[in-house]
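Below: the structure, in structure tokens.
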Amino acid sequence: MIGKWLDIGPVTQIEPGTARTLPVDGGEEIAVFRTMTGDCYALVNKCPHKQGPLSQGIVHGAVVTCPLHNWNISLKTGEALGDDKGCVPTIPLKVDAGRMFLLREAVMGHASGAKAA
Amino acid sequence: MNAPQNFDRGGRERLVVIGNGMAGCRAVEELLARDPEGFEITIFGAEPRVNYNRIMLSPVLAGEKQFEDIVINSAEWYADNGITLVSGDPVERIDRETQTVIAASGRSEPYDRLIVATGSDPFIIPVPGKDLPGVVTFRDLDDVEKMLAAADAGGPDGKAGRAVVIGGGLLGLEAAHGLSLRGMKVTVVHLMPTLMERQLDEAAGWLLKEELERRGQTILTGADTESILEADGHVAGIRLKDGREIPAELVVMAVGIRPSTTLAKLAGIEVERGIVVDDHMVTSDPAIMAVGECVQHRGTCYGLVAPLWDMCRSLADFLVNQPTGYAGSVTSTKLKVSGIDLFSAGDFSGSDGSEDIVMRDAARGVYKRVVVRDSRVIGAVLYGDTGDGSWYFDLLKKGEDISDIREALIFGQAFAMGGALADPNAAVAALSDDAEICGCNGVSKGQVVACIAGGAHSLDAVRSGCKASASCGSCTGLVESLLALTLGGDVKSGPKTMCKCTSFTHDDVRRLILEKELRAIPQVMQELHWTTPDGCASCRPALNYYLLCAWPGEYEDDQKSRFVNERLHANIQKDGTYSVVPRMWGGLTNPKELRAIADAAEKYGARTVKVTGGQRIDLFGIHKEDLPAIWADLNAAGMVSGHAYGKALRTVKTCVGSEWCRFGTQDSTGLGVKIEQATWGSWMPHKFKIAVSGCPRNCAEATIKDFGVICVDSGYELHVGGNGGIHLRGTDLLTKVETEEQAMEMCAAFIQFYREDAHYLERTASWIERVGIESVRLRLADPEEVRKLAARFRISQKYSQHDPWAERARGKRADLHAHIAQVRPLQMEPAQ
Ligand SMILES: Cc1cc2nc3c(=O)[nH]c(=O)nc-3n(C[C@H](O)[C@H](O)[C@H](O)COP(=O)(O)OP(=O)(O)OC[C@H]3O[C@@H](n4cnc5c(N)ncnc54)[C@H](O)[C@@H]3O)c2cc1C
Ligand code: SF4
Ligand code: FES
């Protein structure tokens with residue numbers, strides 16, 4: 001079962017309320033987020049607006065505010081919130097025994113990255 | 001599924017239970033209730049005692065209960081029900097071939113049905129010294145007795161003993177509470193920034209920490225244990241990874257638990273994190289069942305008792321051939337520390353389509369947060385007043401539609417279910433005229449209504465008219481309801497609030513931070529009744545700045561509330577790379593610096609090198625991973641951060657002045673360098689630019705800067721509030737002074753005035769337009785004020801003039817720059 005999942009290390013590597021990056025050779029860089037309450041999410045690290053690195057935004061609730069033009073992106077669905085329209089792919093993530101796992105096929109599955117709608 | 005068959009033992013099956021804990025005995029109780037005659041039962045327990053209520057060990061430690069009070073089943077119960085209890089003799093092996101269990105003493109017992117209920121093992125962090133005497137876990141009565149003995153023994157000098165509890169979760173905090181009631185000096189060391197982070201959000205965690213500290217415990221969050229110290233073969237304290245050492249005679253490890261699965265694994269039963277069971281608690285071996293903390297059901301392991309009641313019911317149902325099936329549990333938590341009311345249930349992390357309803361009553365120390373999605377409660381965190389916990393939990397478990405009571409939900413069951421009272425306005429309308437509305441200022445409903453009738457048609461007008469809601473603001477909602485009731489739809493919206501998370505303006509927040517001595521972001525949010533759990537991208541940076549400005553040297557900067565540029569000390573560019581600008585004092589440089597800049601540009605692949613408008617050199621296209629290295633190189637050549645990225649002092653632009661220019665009246669370059677050395681590193685409401693020109697020809701363009709100096713024959717003209725941005729604004733003349741020292745003093749005073757008064761993200765230009773240049777001139781016309789402001793500025797500079805690049809280059813917060821891991825295509829394994 002673990003074979004489908006890629007172990008990216010202990011949750012404690014990410015301070016709550018922040019994110020870290022995971023480059024993928026031949027794929028899109030992934031941003032791994034941890035909310036203030038300790039929940040983890042992963043998104044392709046590209047804002048649907050103009051590809052801003054979401055990993056560098058301010059995290060509040062389960063939302064990240066893009067550092068380039070302040071779009072608010074949901075960590076759960078990747079959708080832009082409010083009046084903005086667009087969506088960034090999410091990567092299924094699970095935490096088991098304090099370690100984070102990403103769904104292997106999703107990690108490689110995002111050659112095209114974010115799309116604006 | 002495999003139904004039990006009858007065996008030829010007078011119709012009685014042999015049932016063996018491993019684990020005399022809460023789940024093992026409960027399963028037996030449930031079974032006896034259904035079929036008292038059907039089984040011949042033997043229970044093995046590792047502990048040398050009868051079955052007791054494990055969760056009550058905390059009150060035993062705290063001295064609120066005795067062991068006798070927490071026994072669930074006495075020796076008579078075992079006897080009366082014909083149960084053989086083998087206590088103090090742990091089972092060591094399950095032989096599935098012969099269907100026998102073998103205990104440590106060698107005793108073997110055959111079974112037809114076996115129940116594994118081995119609970120969990122405390123997790124022990126693998127640090128040096130973990131096996132020293134004096135290091136204990138918190139799981140059973142023996143552990144409690146060890147802790148009590150340590151508390152009684154006291155410290156080596158005859159004073160109260162000292163204890164360190166590693167782990168600030170439910171268990172750790174209960175241990176810490178008990179030990180401090182037993183007279184020990186307790187330090188809790190917690191890895192995460194928030195206590196009980198799995199049950200609590202930041203706000204509730206902060207309240208809890210405050211309360212525990214008030215009770216004399218020391219709480220260290222973000223603290224990682226490196227090793228356990230030893231003296232004379234006994235524990236002597238711990239050392240943290242940051243080098244701090246905390247002396248102690250007792251160390252309690254309460255960092256978590258792990259399902260106890262060794263026996264099951266040895267026997268070849270399927271185990272993942274826990275022993276895998278189906279909905280009838282049957283393991284991969286049809287004759288063996290498992291219940292309690294040792295199991296994994298539908299992917300989940302539980303660490304609380306409520307689920308095991310449900311598990312035991314379905315196990316018993318199955319054993320008597322009336323299978324019902326267990327479908328998993330939603331759990332809730334309460335902390336058993338006397339005087340602290342804390343409740344948490346479900347998903348409180350907030351998510352899409354989910355809404356947070358937050359209520360903060362600072363006066364009563366109450367924080368409540370209910371998370372609602374699709375008109376259903378999905379989570380709740382309550383602190384201070386948990387009376388409605390069970391009601392929210394009930395709504396949550398039943399998934400009840402709450403649209404009808406949504407408005408009043410947060411006020412609790414009595415209020416929400418009060419029919420007509422469900423409309424908060426109606427509730428306020430029902431209040432009598434002399435009911436108190438504002439507790440801080442003692443204003444009654446009648447007075448507020450009279451004030452509104454007298455022409456105060458906005459919240460702010462009411463605040464200045466009769467003082468209601470002008471202090472802590474907790475009655476703001478009530479006042480708004482009164483406005484709505486009295487004026488119908490006619491309420492004028494007040495001044496702009498800071499952001500959607502609060503009803504306070506920037507000015508209110510700044511004033512209240514000082515008045516109420518608020519010293520941390522969660523504290524501000526609690527005291528000022530923030531309506532979101534952890535703010536948003538606009539209030540977090542503002543609060544961080546306001547606190548930093550209010551409490552220099554004391555407030556600990558919150559990196560996660562900073563915009564990326566300030567977090568990474570470089571400017572993010574449109575392609576996600578960064579630009580790096582070293583400081584060049586007054587715009588001066590030299591060959592050595594230029595060489596170092598050129599080398600760095602080459603080495604780190606800067607794609608563009610540009611001279612900035614502020615007379616510095618900007619290197620573009622640097623990757624965030626390379627930032628610490630390029631800074632180290634620039635530091636080595638004597639250069640520090642230019643803060644070209646910050647809401648901070650950026651540059652001091654100069655012209656060449658009297659040293660070279662034929663028009664120059666004073667040494668404008670020299671003064672620029674002095675001013676920059678005095679002001680660099682200071683955080684501001686917005687970016688701040690200074691320029692010094694040597695004569696009125698003004699080659700340094702000082703009249704479009706936040707602070708500009710024009711040197712003239714008789715001294716220095718000081719100009720303020722200029723801006724070359726979207727809205728071009730020339731400066732206003734502030735004053736004229738005679739000496740360099742006076743110019744510098746006035747500069748410091750003006751900056752501090754701006755720092756203390758402006759709203760976050762307000763340039764001096766818009767600030768001055770808002771408050772009026774006259775008021776700025778007036779304040780700075782008073783020499784005593786100037787002296788005080790400048791002195792405050794210098795104090796805060798003592799704490800802010802550290803090169804942020806140097807610390808990062810030395811490796812501080814490397815996590816901000818490094819990738820968490822890397823995925824390579826072939827093996828698809830992350831590299832650390
Ligand atoms: C101090 C403390 C406070 C707690 N507070 C709360 C609370 O407030 N609320 C809450 O819901 N939960 C609380 N819990 C958790 C709760 O106690 C557990 O969820 C519950 O006890 C689990 O029951 P169990 O039967 O699975 O495990 P246990 O009660 O641990 O029983 C397992 C038993 O199996 C025995 N055993 C293990 N291996 C063997 C073997 N090989 N042979 C024979 N016997 C063996 C053990 O000695 C133990 O007695 C608390 C726990 C502790 C320690
Ligand atoms: S501002 Fe005056 S002193 Fe400075 S360079 Fe220009 S002309 Fe010379
Ligand atoms: S790129 Fe994210 S908001 Fe513009």
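Some values worked out for this structure:
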item: First in the stretch B:293-314 and without any contact (Cβ under 8 Å) to a residue 40 or more places away in the chain and within 14 Å of chain A (Cβ to nearest Cβ), second anywhere and away from ligand 3 (no atom under 16 Å from the Cβ) and assigned to a loop (DSSP other than H, G, I, E, B), Cβ under 7 Å, 6 or more apart; result: B:Gln296/B:Glu272; B:Gln296/B:Arg273; B:Gln296/B:Gly274; B:Arg298/B:Gly328; B:Thr300/B:Gly328
item: Test result for A:Gly9, of a type outside the set (A, V, I, L, M, F, W, C), under 17 Å from A:Leu103 (Cβ atoms) and within 7 Å of chain B (Cβ to nearest Cβ); result: yes
item: Residues being in a loop (DSSP other than H, G, I, E, B) and either among the aromatic types (Phe, Trp, Tyr) or crowded, with 24+ Cβ neighbours inside 10 Å (or both) - total across the stretch B:185-195; result: 3
item: Qualifying residue in the stretch B:18-38 (condition: more than 16 Å from B:Trp309 (Cα to Cα) and at pLDDT 95 or above); result: yes
item: Residues being within 13 Å of B:Thr532 (Cβ to Cβ) and not polar (S, T, N, Q) - total across the stretch B:345-369; result: 10
item: Residue that is farthest from the other protein chains (Cβ to nearest Cβ) [pool: residues in the stretch B:590-630 that are touching a residue at least 24 places away in the same chain (Cβ under 8 Å) and among the hydroxyl-bearing types (Ser, Thr, Tyr)]; result: B:Thr612
item: Given (1) modelled with pLDDT of 85 or more; (2) in a loop (DSSP other than H, G, I, E, B), index of the condition B:Val377 fails; result: (2)
item: Top-ranked residue of the stretch B:182-220 - restricted to ones that are small (Gly, Ala, Ser) and over 19 Å from B:Ser58 (Cα atoms), ranked as farthest from the chain's Cα centre (by Cα); result: B:Ala204
item: Selection count, the stretch A:24-39, where residues are assigned to a loop (DSSP other than H, G, I, E, B) and aromatic (Phe, Trp, Tyr); result: 0
item: The stretch B:521-549, subset in contact (Cβ under 8 Å) with a residue 40 or more places away in the chain and more than 14 Å from every other protein chain (Cβ to nearest Cβ), residue surrounded by the most Cβ atoms within 10 Å (Cβ to Cβ); result: B:Tyr546
item: Residue in the stretch A:22-38 that is nearest to the other protein chains (Cβ to nearest Cβ), counting only those that are surrounded by fewer than 22 Cβ atoms within 10 Å (Cβ to Cβ) and at pLDDT 90 or above; result: A:Pro23
item: Number of positions in the stretch B:139-195 that are of a type in the set (A, V, I, L, M) and in contact with a Pro (Cβ under 9 Å, 6 or more places away or on another chain); result: 3
item: Test result for B:Thr665, surrounded by 17 or more Cβ atoms within 10 Å (Cβ to Cβ) and within 18 Å of B:Val776 (Cβ to Cβ); result: no
item: Residues being in a strand (DSSP E or B), buried (at least 21 other Cβ atoms within 10 Å of the Cβ) and either at pLDDT 95 or above or at the interface with another protein chain (Cβ under 10 Å from one of its Cβ atoms) (or both) - total across the stretch A:74-89; result: 1
item: Qualifying strands (runs of 3 or more DSSP E) (wholly inside the stretch B:46-132; at least 1 residues being closer than 30 Å to B:Gly167 by Cβ and touching a residue at least 60 places away in the same chain (Cβ under 8 Å)); result: B:84-87, B:91-95, B:113-116, B:120-122
item: Failed condition for B:Tyr578, given (1) surrounded by 22 or more Cβ atoms within 10 Å (Cβ to Cβ); (2) away from chain A (no Cβ under 11 Å); (3) out of contact with any Pro (no Cβ under 6 Å at 6 or more places or on another chain); result: (2)
item: Filter result (within 7 Å of chain B (Cβ to nearest Cβ), within 17 Å of A:Cys87 (Cβ to Cβ) and aliphatic (A, V, I, L, M)) within the stretch A:46-67; result: A:Ala62
item: Given (1) modelled with pLDDT under 95; (2) outside any loop (DSSP other than H, G, I, E, B); (3) not hydroxyl-bearing (Ser, Thr, Tyr), number of the condition B:Val251 does not satisfy; result: (1)
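The values are calculated or read from the model by the stated rules, or taken from the named source; none is laboratory data. Please read all numbers here as calculations on a predicted model, not as lab measurements. Please note: Cβ atoms are built from the backbone with ideal geometry, for glycine as well, and neighbour counts cover all protein chains shown.
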